[in-house]
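What follows is one structure encoded as structure tokens, with my remarks underneath.
The values are calculated or read from the model by the stated rules, or taken from the named source; none is laboratory data. Bear in mind that the values here come from a model prediction, so they are computed numbers and not experimental data. For neighbour counting, all protein chains shown are included, and Cβ atoms are generated from backbone atoms with ideal geometry for every residue, glycine included.
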Amino acid sequence: MRFHVSDVFLPTPEEVSSLLTAETELEGTIVSFSDSGQRPNYFAVVDVIRRQSVVVAVNKLGVVTEDEHESEE
């Protein structure tokens, strides 16, 4: 999954890293989902490559294809 630091709900984007900008894209793996009131699976808990779990609204996530991932390495 791919998303911007500014899309992180928990912890706050400022707590994710002082070295990253709000538009920095992070990649990670969904490890769980969380509801928001009566909206099921509204948030995804994502284990980011930086070894930190963050909570992001599901509609803010983008799929990283294998081709995209390989071209960035």
| message | Condition first: modelled with pLDDT of 80 or more and assigned to a strand (DSSP E or B). Can you find one or more residues in segment 12-29 that meet it? | response | yes
| task | May I ask you to verify whether Phe9 is in a strand (DSSP E or B), modelled with pLDDT of 75 or more and in contact with a helix residue (DSSP H, G or I) (Cβ under 8 Å, 6 or more places away or on another chain)? | result | no
| request: Report whether or not Val45 is at pLDDT 85 or above and touching a strand residue (DSSP E or B) at 6+ places or on another chain (Cβ under 7 Å). | output: yes
